[in-house]
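Below is one structure, written out as structure tokens, with a few remarks after it.
None of the figures in this text is laboratory data; all of them are computed from the coordinates on show. No experiment lies behind these values; they were computed from the predicted model shown. Every residue, glycine among them, receives a Cβ derived from its backbone with ideal geometry; neighbour counts consider all protein chains shown.
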Amino acid sequence: MLCTNCGNKNPEGVKFCIQCGVQIPTAPAPPKEIPPPIQYPTPYLSGLLPAYRPFGIVFAVVYSALSSLGWFGISVYVPIAIVATQGSPFEPVPPEAAYASFFVVLFCSLFGMLFATGAVGLWLLTRWGRNLVALLQLPNVLLGIITMAAAGYRPIQASGLSGILVLLSLIEIAFSIAIMIYLISSKVEAWFREG
């Protein structure tokens, strides 16, 4: 490094001139390197769906498929339960019970189809599937709360099943909330595609 005062050639890294003692200007430090943003695994290879899916997505798909079966099961059980409460399957069902049964079957079948559709969309890694499954966790939480309330019904308490119903309801609520939080997190955003 050359001294700007006397022109003496000084060794590299010296802060003051060996000849005259004047401070030698240092070269500006190179700019700090900014680390690249975190790269999550690329989910697609040339537009095809990946063979690998994170455990959370697979769990949400399986849980949605099981929820679909549960909602269809409720839609089958309710008319049978209404007929069973009449005493004889050959007695006519009151119109109010028939209407209630019809709407429960319609409502539960609709949710069963939505859960099945959401599970397929989620397995195919579509954004609409992700959004549908995340949104459908709300009725599952509501169903868990209703089931916990039903555990206090006297015939259920007398059967000894109320403890199991409360436990299953708490598990259902916890799984539904965990799936909803997982699917709306930004970490899994990279896995989903439009369409």
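Could you list, in sequence order, the residues of segment 181-195 that are under 22 Å from V141 (Cβ atoms) and not in a helix (DSSP H, G or I)?
Answer for segment 181-195, where residues must be under 22 Å from V141 (Cβ atoms) and not in a helix (DSSP H, G or I): just S185.
Can you pull out every residue in segment 160-193 that is hydroxyl-bearing (S, T, Y) and more than 14 Å from the chain's Cα centre (by Cα)?
S162, S169
Residue pairs, Cβ under 9 Å, 6 or more apart or interchain, first in segment 126-140 and aromatic (F, W, Y), second crowded, with 22+ Cβ neighbours inside 10 Å. List them.
That search, which allows pairs on different chains as well, returns W128/G118.
How many of the residues making up segment 75-119 are buried (at least 17 other Cβ atoms within 10 Å of the Cβ) and closer than 25 Å to Y182 by Cβ?
8
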